[in-house]
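This is the structure, below, for whatever I ask next.
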Ligand code: ZN
């Protein structure tokens with residue numbers, strides 16, 4: 001069994017408009033934009049990163065705003081809900097705040113003893129705020145949301161799957177322990193990890209449609225390991241179990257490997273090193289357009305293709 005995984009690292013989704021996306025995550029949710037770069041495989045598209053003050057692994061929501069792209073269809077084989085942790089007692093604020101901002105899909109409930117508020121992202125993304133302990137984390141307050149209500153980072157994620165058994169087995173192999181089951185949802189928790197330590201697996205009926213990826217869909221979900229040595233151990237263990245895992249890819253702010261899981265969700269394993277302050281200081285994170293070195297000679301051309309983003 002793998003012992004190196006520490007919980008979530010980041011979640012990457014697809015959006016339509018870059019400015020709508022930026023405004024929602026920085027002003028409505030109050031996260032900090034910690035990096036403004038491009039999709040390393042398609043540099044005419046931004047890659048925007050939002051998180052806490054420094055982009056701590058386990059707090060980082062990232063987006064590819066593709067512009068014209070069909071909306072995703074929700075269904076089986078995807079991350080159905082990305083869950084953020086907020087302070088206990090703050091959901092009343094959030095309900096009013098999100099409603100005032102015109103956010104749709106607001107629905108309060110409880111799962112596994114935690115109060116939650118589901119809501120839609122700007123492209124129909126499935127999100128929830130979950131009342132949770134800070135566990136050493138603190139909210140970014142530069143976006144105008146107070147530290148008594150602000151988002152700490154991720155609580156976890158909920159997968160929507162038609163076939164759950166193989167994914168449950170994989171999560172177990174990755175170090176997650178099966179906890180409780182409520183209805184069609186089973187919670188898995190990683191011990192000794194970061195605070196973004198839950199994966200909930202929801203079993204959909206066989207009649208559920210298969211998800212189609214588009215705007216508002218999660219593209220992949222990344223799990224954290226401390227360093228490159230741990231990543232290589234995880235890669236080997238997965239390959240020994242029969243998974244097809246990509247080579248290690250340099251993403252400038254972390255190192256990444258990817259593999260497709262039996263339930264259909266694309267998993268990434270990402271290193272906590274080197275982090276988002278490797279090419280700009282903490283005070284100015286996310287402000288300037290950062291390009292990987294291979295695109296730097298084409299900066300003028302790339303900047304001309306990208307829409308300016310408001311602060
Ligand atoms: Zn990623």
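Where a number appears in this text, it was derived from the coordinates with a stated rule and is not lab data. These figures come from a predicted structure and were not determined experimentally. Backbone-built Cβ (ideal geometry, glycine too); neighbour counts: all protein chains shown.
Filter region 274-305 down to residues that are touching a strand residue (DSSP E or B) at 6+ places or on another chain (Cβ under 6 Å) and closer than 23 Å to residue 32 by Cα and give me whichever is nearest to the ligand (Cβ to nearest atom). Break it down into steps so the answer makes sense when it comes.
Going residue by residue through region 274-305, those that are touching a strand residue (DSSP E or B) at 6+ places or on another chain (Cβ under 6 Å) are 276, 285-286, 289-290, 295, 302, 305.
Pick out the ones that are also closer than 23 Å to residue 32 by Cα and you get 276, 285-286, 289-290.
Numbers: 276: 13, 285: 18, 286: 17, 289: 19, 290: 16 Å.
The extreme case among them is 276.
Among the listed residues 146, 192, 150, identify the single one that is in a loop (DSSP other than H, G, I, E, B) and at positive phi. Lay out the reasoning, then the answer.
Numbers: 146 fails: at positive phi; 150 fails: at positive phi.
Going through 146, 192, 150 in turn, the sole match is 192.
Taking region 253-272, which residues are touching a helix residue (DSSP H, G or I) at 6+ places or on another chain (Cβ under 7 Å), within 18 Å of residue 224 (Cβ to Cβ) and touching a residue at least 40 places away in the same chain (Cβ under 8 Å)?
The initial filter retains those residues of region 253-272 that are touching a helix residue (DSSP H, G or I) at 6+ places or on another chain (Cβ under 7 Å), namely 253, 255, 257, 259, 261-263, 269, 271.
Remaining after also requiring within 18 Å of residue 224 (Cβ to Cβ): 253, 255, 257, 259, 261, 269, 271.
Of everything in region 253-272, those that are touching a helix residue (DSSP H, G or I) at 6+ places or on another chain (Cβ under 7 Å), within 18 Å of residue 224 (Cβ to Cβ) and touching a residue at least 40 places away in the same chain (Cβ under 8 Å) turn out to be 253, 261, 269, 271.
Evaluate region 227-243: report whether one residue or more is under 30 Å from residue 279 (Cβ atoms), within 16 Å of the ligand (Cβ to nearest atom) and part of a loop (DSSP other than H, G, I, E, B).
no
Tell me which of these residue 41 doesn't satisfy, since it passes every other one: (1) within 26 Å of residue 227 (Cβ to Cβ); (2) surrounded by fewer than 24 Cβ atoms within 10 Å (Cβ to Cβ); (3) touching a residue at least 12 places away in the same chain (Cβ under 8 Å); (4) within 16 Å of the ligand (Cβ to nearest atom).
All conditions are met except number (3).
Which one is farthest from residue 6 (Cα to Cα), of the residues in region 256-273 that are in a strand (DSSP E or B) and more than 11 Å from the ligand (Cβ to nearest atom)?
Pass one, region 256-273, residues in a strand (DSSP E or B): 256-260, 266-273.
Those left that are additionally more than 11 Å from the ligand (Cβ to nearest atom): 259-260, 271-273.
On the way: 259: 18, 260: 19, 271: 10, 272: 10, 273: 13 Å.
Looking at residues that are in a strand (DSSP E or B) and more than 11 Å from the ligand (Cβ to nearest atom), I get 260.
Could you say which residue among 172, 216, 193 is under 30 Å from residue 20 (Cβ atoms), in contact (Cβ under 8 Å) with a residue 12 or more places away in the chain and more than 16 Å from the ligand (Cβ to nearest atom)? Reasoning before the result, please.
Numbers: 172 fails: under 30 Å from residue 20 (Cβ atoms); 193 fails: under 30 Å from residue 20 (Cβ atoms).
Of 172, 216, 193, the one residue that is under 30 Å from residue 20 (Cβ atoms), in contact (Cβ under 8 Å) with a residue 12 or more places away in the chain and more than 16 Å from the ligand (Cβ to nearest atom) is 216.
Condition check: assigned to a loop (DSSP other than H, G, I, E, B) and exposed (fewer than 14 other Cβ atoms within 10 Å of the Cβ). Does residue 123 satisfy that? Lay out the reasoning, then the answer.
Details: assigned to a loop (DSSP other than H, G, I, E, B): yes; exposed (fewer than 14 other Cβ atoms within 10 Å of the Cβ): no.
Spelling it out, it is not the case that residue 123 is assigned to a loop (DSSP other than H, G, I, E, B) and exposed (fewer than 14 other Cβ atoms within 10 Å of the Cβ).
Could you grab me the full set of residues in region 63-90 that are surrounded by fewer than 23 Cβ atoms within 10 Å (Cβ to Cβ), free of Cβ contacts under 8 Å to residues at least 60 places away in the same chain and in contact with a strand residue (DSSP E or B) (Cβ under 6 Å, 6 or more places away or on another chain)?
88
Still on this structure, I have one more. What number of residues within region 198-215 are crowded, with 17+ Cβ neighbours inside 10 Å and out of contact with any strand residue (DSSP E or B) (no Cβ under 6 Å at 6 or more places or on another chain)?
Of the residues in that region, 2 qualify.
Could I ask something else about it? Suppose we keep only residues that are buried (at least 20 other Cβ atoms within 10 Å of the Cβ) and touching a helix residue (DSSP H, G or I) at 6+ places or on another chain (Cβ under 7 Å) within region 126-179. Which one would you say is nearest to residue 267 (Cα to Cα)?
159
Okay, moving on. Given the structure, is residue 24 closer than 20 Å to residue 215 by Cα and either buried (at least 24 other Cβ atoms within 10 Å of the Cβ) or within 16 Å of the ligand (Cβ to nearest atom) (or both)?
On the way: closer than 20 Å to residue 215 by Cα: yes; either buried (at least 24 other Cβ atoms within 10 Å of the Cβ) or within 16 Å of the ligand (Cβ to nearest atom) (or both): no.
Criteria not met by residue 24.
How many residues are buried (at least 21 other Cβ atoms within 10 Å of the Cβ) and at negative phi if we restrict to region 53-62?
6
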